[in-house]
Structures are given as C-alpha cells and as structure tokens.
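Shown next, in structure tokens, is the structure this report addresses.
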Amino acid sequence: MVEMNEFQERARTLVQGESLGYDQRLRRLAVLATDVLPYPAISAACREALEKRVICDMFEGHAPYTARYILPDYEKAIRQGLSYLELPPPTDLDDAISFLQIMYGHVPSVTTYPVYLGDLDKVLAPFVDSELADEELDRKLRRFWIGIDRLIPDAFAHLDIGPHDSRIARSILRVERSLRQSVPNITLKVDPALTPDDLIEDAVRTVFETGKPHFVNHPMMVADHGERYAAVSCYNSLKIGGGAHTLARLNLKEVALRHSGSSDEFLDQTLPNYVELTAELIEARIRSLVEQQHFFDTHWLAAEGLIDIERFSAMFGIFGLAECVNLLMSYDGREEAARYGHNAEADAFSRRIVERVAELVAARPMPYCNGGAGHCYLHSQSGIDLDHNVTAGTRIPVGDEPAMFEHITTCAPHHRYFASGISDIFHVDETAVRNPRALVDIIRGAFISGMRDFTFNLDSNEFVRITGYLVRKSDLVSIADRGSARHGSDFLAAAAENEFHLTQRAVKRVGCHERDPR
Amino acid sequence: MKGLVTNTIKFSTVDGPGNRFVVFLQGCNFNCVACHNPYTIAVCTDCGECIPSCPTGALTINPSGAVLWNESVCNGGDTCVSVCPYDSTPKARYTEVADLLADIRPVAPFLSGITVSGGEATQQTEFVQSLFAAVKADPLLSRLTCFVDSNGAAGPETWQALVNTLDGAMVDLKCLDPEIHRSMTGQPNDMVLAGIRQLHQLGLLYEVRLLLLAGINDDPTLMRRTADWLADINPAMRVKLIGFRNHGSRPHDPPLVEPSNESLLSTADLLRESAPFDVCVI
C-alpha cells in the first residue's frame, strides 16, 4: 500500500509531468489511485517474491476493477445492437464503422484502451457487397484507420484478419501500407490449407512497409481455443467473448539465482515452489476482480452477453528462460553447455523446464478460469521496460540469435505449450524485400515445424518492435529530443530501447503488454 | 555420385524464386575480373601453402599429399582463402548426393527449391543432373524446384542433359561485345549467347543477369544493343541489373569502379524503353 506522503509525491510528479499530455496524466493518476488501497491478501512468501521481483504482477494496480484483456464479441454486438449505448444494429458500412468506433470507447482494459478491435474482415463482411468498389472501400477504411490511431493512441490495440482471403482483408493491408501508422496492431491468421500464398505474400509486403501483421498458426490456435479466438495486444491469444482476468509472470532467471543444487532438484523443488507462489498471486488477483470488485456482475458487456466469464482464464507468464538454463548448466559444472540457442544440451534442458512449468500450471486449479478448463493459460512473456539483463519469454538473447533456420528449430518445440502466445521475432535483411515469396516459404515452414506465432522485423524499417508492440523510430527520436510523444506505448519503447538497445539487435524483436509503474 | 562442393547455405532469398537451399560448386571456367567469390574459381592443388597460415591448426596434409580441413577446429576466419595463390580454398569437399539430400530434408518445408551455384554449376553437369534427379525422386523433396545459377558458358549438350530435371536457369551475360567479354572473363561469349537462346527455347530461362562495371560494359549504345538482342529472344524477359560491388572482389589495376545508383537506374530505364522487360535493379 502506498503511504500518503509517497502518494502525494507521485501524484505531484504526474500532474506536473511536462512530457505527458493531459490524457496521459489522467490515466496514470487513475492507476496510482488504486495503489492506496490494500493489496489482495497473499502469503508472506508470495509477498516477498513479489517485492524481490521474482514474480511480477505487471503493475496492474492493487484493486483490479477490469479484466486485463477483454475480447468483446463484436459480431454479436453488430447483430443485436447495444442497449447500454443505445445503438441499434447497423445497416450499412458507414453505420457499422461508426458503431465500432463508439463501442471501442467503452471497452475497458488494463491499458484503459481496448486491446481487441475485432476480426474486422468478418465483422464488416455483412456490409460489403459487390456494389461497393474497392476504391470506395479503401477510402472508408482509411478514414476508420486514422480514427483508430488518433482515438486509441496505444500500440496494444489489435485486430485480426484471415485465415480466409477476402476483399476486406486485402483492403486493410492496402490501407496499412498507405498510412504506415503504428496503431492498430494486426494479426493474420494463417491456415496452410485455407490461406492462399497470395494473401500471405500481400501480408509480407505489408510487413516490409509497417512491420505488421503478426502471423499465427490458425489450426494450432483452434485446437487450443476453438474457432472463436483472436490474437490481441502483443501478442496474446485468447477466446473471443472472453479474455484474461490478469497476467502474472515468473522470472526464471531470478528463480535460478535462488537455487542451489542439481538441475533435477531445480525441477523437483525450487521451480514448483515459485510456480505455486505465482499461482497464489494470480488467484488472489482473480478473486479480487471477481469477488470484491464484481466486474462481471456490473459491466454492461457481460450484461449484454458480449463477454462471458465462462470464456475467461488468467495468463501465467514466464520469462528469462535463457538465463535460467545457462545458470543451471553452470551450477552443474558444464560451463561449455551454458549457451541456450547454441548448445544441444542447453536446448534440451530448456525444454524440460518449459514442460515442467506446463505440467505444474495444468495441475493447479484456478477459480473462474473455465476458458482454460479451470487452469491458467501458459504464456511466454515478452518483456517490459524495467527488465534488466534478462531475456524476454523463451527467446534467445538479443544479438546472440543463430541463423534463422537454427533459430526456428530451437524455438519451435516450446510453442505448443503456450496457448496464450509466445511471439518470437525474426529479423530479416533488406534483400528479402525483393523476394517476398521467400518469407511466405519461411512462414509455411515455421508453422509445419510447430511454431504458434511470430513476426518479422525488417532491419531498414521505419517501424521497430520493442518488446512486441510497434513504434516508429522517428517517435523514439522525438522522445529523446523533446521528451514527449502522442502514443502512450512510445514511452515504454523509449525506456526499453535505452535498456536493451533493441533497435541495434542483430536479428529481431520482442512482444509486450504492460503498464509502466512510473 | 560425388561433386566438389565449396559450401551450402540453408536459407537464401537472393538465389532464385522464394527461399532456396544453395549448393556452391568449386571450379569455374571463367576468370572474371569482377568475381565476388574468387576462391571458388580453381580446384585446390594440394600445394599446402595455406597450412602454416591457419591460426587454429585446422589444416593438415595427409601421407598421400592431400590437404585436409578439419571443420570442427576451424574458426571460419578464412586466412587460408586469403593466402591461396591459386584462387582456391582447402575447404571444398567431395560430397555425395545422398549427403546433400540429408542436409536438404530438414530444411525442405521452408523452401521453394534448391539452386546450384558456384564456381560454375555446369562444370559438374553430371553431378548436378544426379542431384536434381534425386530431389525429384524423393517424395519429401519432389515439390522443390531445381535451378542453376550459371555463367552461361556451357554447350548445348549440357542443357540437353539437364532438360528433364532443371526447372530454371539464371544466366549471366557479362557483355554482348565479344572483345569486352573476353577482357572481363578471359573467354569469348559465343557459347553464352547460344546458351541463353537455347534455354529460352527449352522454356528454362528464368532470368538474365547483367553485371555492370562503370566505364567497362555500361555504355548506353552497348546497352541498347544488348536490350535489342535480349528482346529478340523474349521481350518480356526477366532481366536483373546488378551494380558491381568491390566487396569480396580481387584488387585490379586500374581499380574497378562501382556504377552509381543513378547510372543503374538510367540503364534500367533504357532497357524498359527497348522492350517490356521485367527489370529488377539490385
């Protein structure tokens, strides 16, 4: 709990924060306010692990009053209208776009902005027929896109397209290439049997312009979540009409630093201990949201059947796998094997750690998590701006990545465990721009080898992925020069860039979704 | 069946359509002034001059006098290549088709195909033919396309031998003028010109590559003649215009000059004015 004098000091810093716009001050003050309330009840061991940052609550605040990630069922909303917002079902494309823009303003999330904007090719399909020419469709979506970027200045706002080809999906990619905005973030769902090469290639050309979209393995997602899922924020795959109550993450490097003994003892004792402390934190935060703040009993999205607590779960994140593996190899006296991503023994041990975490999380019942059959979803957490000397998720350390084929084959075996996303990033050089079909080949190969989701960073691109979300390099320069930015996520990026020098990395990026505690 | 392989690359985005596995063969019948990997020109003579230069002791000579390279000790520094007096490398190895297939198989899901480059692919036609036939016969690999990257100096019997297994050829045309061609490569260009025409007739010509050296083969009148000659074969031909880069090439007296970007673009315009070529500038 924040003491009054500290609260005053932090509030004063925010209201006088010259680098923050009015809206940014307002939203940060709202986060600060809940920190004067008591933290949900947790054990002394859990509190200590939280304070030492072995486990991390993503600075969601002391009294969660919204689920972290919410995926409203926009198709249903369009069909039935919104009684809370007094909107009848739209009858044409202009109405539908206006309907969505209004609705976005009322969808809560941990960032205060909606993290899911819909599977827009499907949501808008009833309003696009052969009467509407492509040029007109592009014009309307272009206006819509500018509105999204200016009204929702947050790179975690995310929409999905695919796996089927459609005029709307093609128009969205054209508009993306012409506008080159960092918002919205986009995912293309790829089903090798349904998604034509030509659509994937169109998406790859868009990556060259804007760093988007992200690519997900549709059949693998459907196997875990059913047909009604979406990738949101950056990059979390969750059920549509559901979402995630909360995300807590376990720093495997810090766990390894607190371990003494063999690798087997790590897997049998130390790791299970910290997995349980993380689970305890998640359970306390879920109960606070559901039982104390009564989010699902009070929010209009639930009342109108656009979200259903039965389709929610929580996200159990891990990060720092690389450092954890290397430390444990050293403890066992095998310094030469302490190089995750470059040593077969280290890679094999990394898989044992991930399997063990998956097994423990799958065995830990969690209340109000029927979306995950009563358990958390496992998530490879891609980092926040405060992470020092620790690698995101299950990634190979930035700058130490092997060549792309070896990189993919090292990472791919982890992907099946992470139902709520893992988001590896591959860095490609400029020569690929003249040969987009080469990246189509790599995307297809990556999915065959068991990858769930990933994206590409082009080294010459104006856009760069920091811990997963996109920023324009020119916006980072503007923070350095002027100390201000229009998008809230740009500040996180500036901090991450200073810590990691991510824009100098040899081969890629990271993924993200957090609240800055400062 | 064995071939003398310099090395392989699992993923390449610059050696034909899509992502490709590339096999570089050792040995070339040209000696181009602008060659960017001159260590692939000659076959190792086992002279042993590189052995003392190796900082990690990866090179030895065996009792029968052959230079051996121990890959597990090599640090990849290429000192051996830099001291070789014959434009060769001790690292090329006679490699079985079956061993190459074993390397290609795990990568195959990520590929559009394989490309044999060099060196000069057609100097080991029998091996190339055997590799391509094996790829086509392997159920896991048969969907892969088989390309060669060639200097074009191969007779009609070479292309005829490959006709059933080859899916496309990328051929360099160093210069349409025979004398300039000879000064650039040490060889005449009649076989190259005939080869380009034959490959087009066989439906196997994927692209023609023009490597431009400033002041040597980029004269506008010559380029216009080149465009007319290419257009006569196929006015919709895919033509790749490559500006010479000093990186990797041998020193030359007088020094070779990289063409400016503007000069490359104006050559591209000149080509497009002559015919509706699919021109790609790199």
Exercise for the section: State whether segment A:72-223 is rounded, prolate or oblate according to the following rule on the C-alpha gyration tensor (a ≥ b ≥ c being the square roots of its eigenvalues): a/c under 1.5 gives rounded; otherwise a/b larger than b/c gives prolate, and the remaining case gives oblate. Expected result: rounded
Completion exercise
Rounded to the nearest 5, the percent of DSSP beta bridges in the protein assembly as shown running antiparallel is 35 percent
Handout entry: Neighbourhood charge, 11 Å Cβ-Cβ cut-off, centred on B:Phe147 and excluding it, Lys, Arg +1 and Asp, Glu -1
Key = -3
Handout entry: Average beta-carbon neighbours from other chains, 10 Å sphere, peptide A:242-248
Key = 0
Completion exercise
Note: B:109-120 gets an average of partner chain Cβ contacts (10 Å, Cβ to Cβ) equal to 3
Practice task
Multiply the residue gap between A:Asp92 and A:Glu291 by 0.36 nm, knock off their C-alpha separation, and tell me the result in nm, one decimal place.
Solution key: 67.6 nm
Practice task
Go through A:Lys189/B:Lys240; A:Lys253/B:Lys91; A:Lys140/B:Lys10; A:Lys189/B:Lys10 and tell me which ones have a Cα-Cα distance over 32 Å in this structure.
Solution key: A:Lys189/B:Lys240; A:Lys253/B:Lys91; A:Lys140/B:Lys10
Completion exercise
Here the residues of segment A:163-199 lying in the modelled label zone of B:Arg272, meaning backbone nitrogen under 13 Å from a point 7 Å along Cα-to-Cβ, are none
Problem - Environment charge at B:Ile282 (Cβ cut-off 9 Å; Lys +1, Arg +1, Asp -1, Glu -1) - result: +2
Handout entry: Degrees separating the helix B:220-233 axis from the principal Cα axis of chain B, which is the longest one
Key = 90 degrees
Problem - Environment charge of A:Pro196, counting only residues whose C-beta is closer than 12 Å and scoring Lys/Arg +1, Asp/Glu -1 - result: -4
Practice task
Give me the lysines in straight-line cross-link reach of A:Lys76: C-alpha distance below 19 Å, same-chain residues under 8 apart excluded.
Solution key: A:Lys122, A:Lys239
Fill in the blank from the handout: Expected integer from the mean partner chain Cβ neighbour count at 10 Å over B:18-29 is 2
Problem - 12 Å cut-off, amide nitrogen to a point 7 angstrom out along B:Gln201 Cα→Cβ, residues in segment B:157-187 - result: B:157, B:160
Practice task
Report the dimensions of segment B:159-282 along its three principal axes from the alpha-carbon atoms, largest first, rounded to Å.
Solution key: 44, 31, 24
Practice task
Taking the convex hull of the Cα atoms, report for the protein assembly as shown its projected area averaged over all directions, in nm².
Solution key: 38.0 nm²
Practice task
Please work out the Cα center distance from segment A:66-107 to segment A:292-328, rounded to the nearest Å.
Solution key: 22 Å
Exercise for the section: With θ set to phi - 60°, apply the Karplus curve 6.51 cos²θ - 1.76 cosθ + 1.60 along segment A:244-255 and write out the HN-Hα couplings as whole Hz, x wherever there is a Gly or Pro. Expected result: 10, 4, 7, 9, 10, 9, 10, 8, 5, 5, 5, 5
Problem - Mean ellipticity per residue at 222 nm, deg cm²/dmol - from DSSP H runs of n ≥ 4 across the protein assembly as shown, formula -39500 (n - 2.57) - result: -11000 deg cm²/dmol
Completion exercise
Hull volume per residue for chain B, using the convex hull of the C-alpha atoms, in Å³ is 136 Å³
Problem - Mean-position separation - Cα centroids, segment A:171-235 and segment A:256-288, in angstrom - result: 35 Å
Handout entry: Candidate aspartates and glutamates for bridging to A:Lys52, where Cα separation is under 19 Å - those fewer than 8 sequence places away on the same chain excluded
Key = A:Asp35, A:Glu60, A:Glu254, A:Glu276, A:Glu280, A:Glu323, A:Asp385, A:Asp387, A:Glu514, A:Asp516
Completion exercise
Taking Cα atoms only, helix B:125-137 is inclined relative to the longest principal axis of chain B by an angle, in degrees rounded to 10, of 90 degrees
Exercise for the section: Please sort A:139-151, A:18-30 by packing, taking for each peptide the average over its residues of neighbouring beta carbons within 10 angstrom, highest first. Expected result: A:139-151, A:18-30
Problem - Alpha carbon centroid spacing (whole Å) that separates segment A:371-388 from segment A:16-65 - result: 17 Å
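Just so you know, all these numbers are worked out from the coordinates, no wet-lab data involved. From a predicted model like this one, the values you see are computed outputs, not experimental measurements. No Cβ is skipped: glycine too gets one built from the backbone with ideal geometry, and neighbour counts run over all protein chains shown.
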